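Where a number appears in this text, it was derived from the coordinates with a stated rule and is not lab data. Not measured: the values here are computed from a predicted model. Cβ sites come from the backbone with ideal geometry, for glycine too, and all protein chains shown count toward neighbours.
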Amino acid sequence: MTAQLIDGNALSKQLRAQVATDTAQLKAQGLTPGLAVVLVGDNQASQVYVRNKVKACEDAGLHSVLEKYDATMTEAQLLARVAALNNDDSIHGILVQLPLPAHIDAHKVIEAISPAKDVDGFHIASAGALMTGMPGFWPCTPYGCMKMLESIGYNLKGKHAVVIGRSNIVGKPMALMLLQQNATVTICHSATPDLKAMTLQADVIVAAVGKRNVLTADMVKPGAVVLDVGMNRNDEGKLCGDVDFEGVKEVAGHITPVPGGVGPMTITMLLVNTLESAQRALSESQRA
Ligand code: NAP
């Protein structure tokens, strides 16, 4: 069996075109959705990520501001910038790129972002909203995974989903989103004694670990949907996921590649969240 690919680039293109259309409509009503991206320090990977985010905004017609600061910026200075952006009506989404330099408490900074502008979905209020099924912003990576399942018309009701990884930004919110769609969810982590016994029961597997070959063909039920969130480097230095793609694609029903799978969806969902934030701001101003 050869799995069908879930193409994150193609789906992103489609969703970003819709964001561009909706953005043009908002602009016609006098509101341009705006995203502020704040980068502190000179982490090489972060520089690439923020550039890609800003470019994606520009391509879709959103207003974007990239604020770059030296690694010596103090926590108080960063908190002051976040406060200013909270009060800036041209900004609907605030993203502080992680990791931050060690002398800055990332948690404190994230909690300083207004939940109404928390388009990364990392604020405790956003996490609480997801947990209780209330409106709020969903973290972009697991949200992108949900869109990928939606794109293949997958009905999660009654299905068993296994999430490998329990981080606050991927694994846990992923599990909650799957649960909300009526899947039965198992969360696995580094202390799970027999990962294979769990994954073999799964109709859907989401691998979000950060280690190559965490999921191999012998661990997958024939026909299962496999979403690979991992971003690793192989021996040749090429980007690869957590899943042994060559082996698993012979067993799975659907599979996401790396690169070109979940990765592009993360930025796409950031645009979707920023647009939604702007739409909410417009509705509120029309009600006022
Ligand atoms: P993380 O915070 O390091 O979490 C990794 C999780 O994997 C932890 O819960 C850990 O368990 C679990 N784990 C480690 N070894 C394991 C094993 N052998 N078996 C089962 N579980 C194991 O990482 P993250 O931020 O969630 O990111 C995960 C991966 O996704 C990374 O490769 C990251 O680069 C990638 N990522 C990609 C995107 C994207 O846009 N494509 C976005 C975000 C992250 P414990 O909790 O017990 O330690």
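So here's what we get for this one:
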read-out	value
Within the range 140-262: Cβ-based charge dipole about Cα centre, in debye rounded to nearest 20 (Lys, Arg +1; Asp, Glu -1)	360 debye
Mean residue ellipticity (222 nm) of the chain, computed from DSSP H runs ≥ 4 via -39,500 (n - 2.57), nearest 500	-13000 deg cm²/dmol
Flagged links, alpha-carbon separation over 18 Å, of LYS27/LYS53; LYS211/LYS238; LYS13/LYS53	LYS27/LYS53
Contour minus Cα-Cα distance for ALA45 and THR184 (0.36 nm per residue)	46.5 nm
Rounded to 5, the percent of DSSP beta bridges in the range 140-262 classed as antiparallel	10 percent
Under the Debye formula (equal points on every Cα, no solvent term), log10 I(q)/I(0) of the chain at q = 0.08, 0.15 Å⁻¹	-0.35, -1.17
Of the trypsin sites (Lys or Arg not before Pro) in the range 138-173, those whose Cβ has at most 16 other Cβ within 10 Å and which sit in DSSP loop	LYS157
Rounded to 5, the percent of DSSP beta bridges in the chain classed as antiparallel	5 percent
Residues whose placed amide H lies under 5 Å from that of THR186, excluding near-sequence neighbours	ALA161, VAL162, VAL163
